[in-house]
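Note sheet for the following structure.
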Amino acid sequence: MQIDLSGKTALVTGSTQGIGFAIAAGLARAGARVAVNGRRQESVEAAIQKLEEDTEGGSFIAAPGDITTEDGVRQVTGAVPDTDVLVNNLGIFGATPPLEIGDDEWRRYFEVNVLASVRMIRSFLPGMKDRSWGRILNVASDSAVVIPAEMIHYGMSKTALLAVTRGFAKDAAGTGVTVNSLIAGPTHTGGVEDFVYELVDPELPWDEAQREFMAKHRPQSLLQRLIEPEEIANMAVYLSSSFASATTGGAVRVDGGYVDSILP
């Protein structure tokens, strides 16, 4: 299967590092022109420089802006007025004892992990409908289904994102636009390394820390290791292509078998 996204423009939010960076690279290798987003111009430019080194012939657009604000959304849409593929990857996570999560923190997780994606969908879905083609991917998490006690607020936000996905997929029914969620499992990123060391002995070497984290805190993983960002990106590129034209309204798992379910 040769995925060709030549002539398509993609926007990946929160793509200066981690999963978003890997998805941006994957889309570029498939031929898409990719808009890279982060809050600061400097981080976006640095990411694009590295992406250009990693993806021969890749085409990139700088789209800085804090999409948790309406002004930031306007800044991003000014840089990318139209897009064929929207990947809502921006998100925050962290461990907090359940009874210590205050109102402001509940609101912050909803604002960043849910409402920012809704704003972006509102901005780009009408144009996709008009062109009768488009792909929207919301990067969710296994925590949307298996709510972790140490970060209930994060799980709540990702569960809400699944509902947002299904609802907008219904709104886009019959238009040639698909809307899906990616349920990403425990993934190896810099931020996750920090998170792992919040839960295991910070003096442990990384390989030992990762094994202890998976054994104690994610024992139901069938992969029994952290997922690499490129493995998430592979599914994102497929769902962004014409090959995935019959997949919409779904929550597609790239979780290493972490969610104990035979569906989807």
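The values are calculated or read from the model by the stated rules, or taken from the named source; none is laboratory data. Just so we're clear, the structure is a prediction, and the values are computed from it rather than from any experiment. Cβ atoms come from the backbone with ideal geometry, glycine included; neighbour counts cover every protein chain shown. Surface areas here come from the heavy atoms of the whole protein model, side chains and all, with no ligands, DNA or RNA. Shrake-Rupley method; radii C 1.70, N 1.55, O 1.52, S 1.80 Å.
In region 135-264, what percentage of the DSSP-assigned beta bridges are antiparallel, given to the nearest 5? Restricted to region 135-264, the bridges split so that about 0 percent are antiparallel.
Only lysine pairs 8 or more places apart or on separate chains count here, and in the chain those with Cα atoms under 26 Å apart total 7. Pair-distance distribution of the chain: all C-alpha pairs, bin width 5 Å, starting at 0; shares per bin in whole percent are 1, 6, 13, 18, 20, 18, 13, 8, 3, 1, 0. Compared with the dominant principal axis of the Cα atoms in the chain, helix 229-239 is inclined by about 40°.
Here the chain exposes an accessible surface that is 50 percent carbon and sulfur, computed with a 1.4 Å probe and the other protein chains kept in place.
Based on Cα contacts under 8 Å between residues 6+ apart, the chain shows a relative contact order of 19 percent.
So how far, in whole Å, is the C-alpha centre of region 27-44 from the one of region 135-182? Spelled out, the Cα-based centre of one part sits 22 Å from the other.
Taking amide H atoms as placed 1.01 Å from N in the peptide plane, the amide H of L86 lies under 5 Å from those of L11, R135, I136, L137, each 5 or more residues away in sequence or on another chain. Can you run the Rg to Rh ratio on region 68-107? Use alpha carbon positions and the Kirkwood inverse-distance Rh. With Rg and the Kirkwood Rh in hand, the quotient comes to 1.17. When you restrict to C-alpha pairs under 8 Å that are six or more residues apart and normalise by the size of region 89-223, the relative contact order lands at 25 percent. With respect to the chain, whose longest principal axis is taken over its alpha-carbon atoms, helix 190-199 is tilted by about 20°. Once the Cα atoms are used to define both axes, helix 18-29 deviates from the longest principal axis of the chain by about 30 degrees. Quick one: net charge around E111, please, counting Lys, Arg +1 and Asp, Glu -1 for every other residue with C-beta under 13 Å from its C-beta. After counting each charged neighbour, the total is -2.
If I model region 117-251 as equal point scatterers sitting on the Cα atoms and use the Debye formula, what is log10 I(q)/I(0) at q = 0.11, 0.15, 0.17, 0.22 Å⁻¹? Log10 I(q)/I(0), no solvent term: -0.47, -0.78, -0.93, -1.28. A 1.4 Å probe, protein heavy atoms only, puts the accessible area of W106 near 80 Å².
222 nm [θ] for the chain, helices only, -39500 (n - 2.57) per DSSP H run of 4+, per residue, to 500?
The per-residue figure over the chain is -13500 deg cm²/dmol.
Between rounded, prolate and oblate, where does region 2-121 land on the alpha carbon gyration tensor, with a ≥ b ≥ c its root eigenvalues, rounded for a/c under 1.5, else prolate if a/b exceeds b/c? Verdict is prolate for region 2-121. Here the dipole of the chain is about 1220 debye; that uses its Cα centre as origin and unit charges on the Cβ of Lys and Arg (positive) and Asp and Glu (negative).
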